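Visitor: One structure, pasted below without further comment.
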Amino acid sequence: MRVGRSGAQPANDEILDSQGGAATLAEAAYRRLRQDIVAGVFAPSQPLRLELLKQRYGLSFSPLREALNRLQTERLVATAPLRGFSVAPVSIEEMWDATETRILIECEALRRSIAHGDDDWEAGIVAAFHALDLQVRRKAAAGGIGDDELIALETRHQDFHRALIVRCRSRRLIDIADQLYVETQRYRLPTLAGQNPAASRDVALEHREIMEATLARRSDEAVALLAAHYRRTSTLVEAYMQNAPAK
């Protein structure tokens, strides 16, 4: 939702989010700026001038600064003395660091969820897998992917991976997993939007195997499949980054 320069502002510096709930202007700035960084609207290392952001989002400097500081803690924004904020650079080394850290966090969270998960947790995994599988089938039938389809696919993909670990009984583990998902998503999205080097890879089967091992409470197998899934993706991302034309 764009906040215009004219018209009355909602009370207490709040706007309505996409679900109709109240969100502070700082939260709105954070969500929209994070989405644009992950989607590549702003290139790696590009300066993030407050005046430019003010014009783009129709928000004042205060919520934008708060959003930038928050994104800095999430490693999506960098800052340097006298140079201000910029989009965090990307590198193969950083991509693998994020991937391996994500594996550590999510494999532990998955083990805990398998130990503590109940019927509702199992049903949530099955439902999330089904929704993701439907979207993957639509993508395959269409022979390509547009912006709206990519957003829908990514939302369902994150929902599935989150459903696996949601019963880990640790809010911190889930929060860190969410952050690492976004960090790795920034590297993965270009391979989805461009030419996919993984034509022979059956990602849907990988997801199904992870789900089946999880529901059968085979912890060692489930975490091994999850780790292999993430490393296969990062190997393909690395190849994409090595072959991508210089900008």
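Visitor: Sort the following peptides by mean Cβ neighbour count (other Cβ atoms within 10 Å, averaged over residues), highest first: 104-110, 132-138.
Guide: 104-110, 132-138
Visitor: Heavy atoms only, probe 1.4 Å: what % of the accessible area of the stretch 32-110 goes to carbon and sulfur, would you let me know?
Guide: Ligands and nucleic acids excluded, carbon and sulfur reach 52 percent.
Visitor: Restrict the search to the stretch 53-97; then list the trypsin sites (Lys or Arg not before Pro) that DSSP places in a loop and that have at most 12 other Cβ atoms within 10 Å of their Cβ.
Guide: Listed in order of number, the matching sites are Arg83.
Visitor: Return the long-range amide H neighbours of Val77 (sequence gap of 5 or more, or a different chain), with a cut-off of under 5 Å between placed amide H atoms.
Guide: Those lying under 5 Å, H to H, from Val77 are Gln72, Ala88.
Visitor: How would you order 182-188, 125-131 from highest to lowest mean count of nearby Cβ atoms within 10 Å?
Guide: 182-188, 125-131
Visitor: Full-extension gain between Glu122 and Ala224, please, as 0.36 nm times their residue separation minus the C-alpha to C-alpha distance.
Guide: Full extension of this stretch gives 34.8 nm more.
Visitor: While we're here: With a probe of 1.4 Å, find how much accessible area the stretch 35-87 has per residue, and write the answer as a whole number in Å².
Guide: Per residue, the stretch 35-87 has an accessible area of 56 Å².
Visitor: How much net charge surrounds Ala222 when only other residues with a Cβ under 14 Å from its Cβ are counted (Lys, Arg +1; Asp, Glu -1)?
Guide: Within the 14 Å Cβ shell, the charges total -2.
Visitor: Taking the dipole about the Cα centre of the stretch 81-235, with the C-beta of Lys and Arg at +1 and of Asp and Glu at -1, give me whichever of Cys168, Ala141, Val87 is farthest to the positive side.
Guide: The Cα lying farthest towards the positive end belongs to Val87.
The values are calculated or read from the model by the stated rules, or taken from the named source; none is laboratory data. Being a predicted model, the structure only gives us computed values, none of them experimental. Don't worry about glycine lacking a Cβ; one is built from the backbone with ideal geometry, like all the others, and counts go over all protein chains shown. Accessible surface is based on the protein model in full, side chains and every heavy atom, while ligands, DNA and RNA are left aside. Shrake-Rupley method; radii C 1.70, N 1.55, O 1.52, S 1.80 Å.
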